[in-house]
Structures are given as structure tokens and as C-alpha cells.
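Working notes for the structure below.
Quick note: the coordinates plus some simple rules give every number you see, no bench work behind them. Everything numeric here is computed off the predicted structure, so don't read it as measured data. Neighbour counts run over all protein chains shown; Cβ positions are idealised from the backbone, glycine included.
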Amino acid sequence: MQWSKNDELFIKNLETGNLFADKVVSMLRNDGFEAYAPQTIFRNNIKEVHKYKDEKDVIVKIKDNELILEVKSRNLYFTNKNNYPYDTAFIDTVSGWQAKSIKPFAVIVISQITNNIVIVRPSLCKLWNIENKKDRIRKINESFYTINKNLLEDYSYLVDGLKCLNS
């Protein structure tokens, strides 16, 4: 079955994404930030997918601003940027990133195994690459933005940056 018509796969991926977005929210709250994950809305039909291009994974309130964090959970073992298991990290599909009218403050890659996080700074987008790969879950070929693992940051980098903005 085509991934775009496979509601069961879509819901499973959505639930996994929500679970890890909630974990990020908990971590941020433990570090003193006001954060939440907006309620996810299920699409009625794949033709409506364009309506969801600006869905937000996690929002952190800093003073009178809301910063958007994109959360990408990966079934990878890593504890920090130094032992990220590949030379590059996937950020998002090219089409998905380009469709966002408001780009996230940061992209969080969270390990589904360790719950550890590495951070991708969108400010480094000029250093991103495009890789054409097979999406093993959706079983389609897709173009992805990637970044060299040497440009990843640890979770503490995000916390320090948010604290600076909040002071």
C-alpha cells in the first residue's frame, strides 16, 4: 500500500512523534522552561496534507515570544554529538522544510533508545547538504536535508541559548 494511503502507518508514526515531543517538553520543563506540545490533528485525507505544513512539535515560551522546536525521533543509539553513529544527521525532507512558512528555532534529534538529544541549528542551513535516500518506513525515495555530525550540538547548547534569551 502506498504510504500516503496507509492511515495505520501514519497514525503509528504520529503517535511515536508525539511521544518523543512530550519527552522533549518534559526535559525543557525540568530545566525551568515553559514548554508544550500542541495537540496533533489527524488529516482526513492525504489531499489535505498541505494544511498541516506548519504544525508545531514543541513550543517554548520565552518572554512574550514562542519559539518553535522541530522534533525528529530516530531509532539510533547515541548519548551525545560525539558518538552520533553516522557521519551525517537527517534534518527533514527538503519538501517538508521548504513548505514551512515559519522555520523552527532548532531541530531536535532525539534517540528512541537513549532519549538523548542532539541539536541542529537552522542558522547553519548554508552548510546543509541534500541526500537522496530511501525512506525505509514509508518505502519511498525522498530528498533529505542533512548536516555533518561535527556541526551538531548537545542538548546543553539549546538550554544555554534559551536561558540567554530568557534573561
So for I140, I59, I119, fewest C-beta neighbours within 10 Å to most, what's the order? I140, I59, I119
Most exposed to least, judged by fewest other Cβ atoms within 10 Å, D92, D135 sort to D135, D92
With both partners inside region 56-145, how many of the DSSP beta bridges are antiparallel, as a percent to the nearest 5? 75
Per-residue Cβ neighbour rank within 10 angstrom, fewest leading, V118, V25, V107, V159: V159, V25, V107, V118
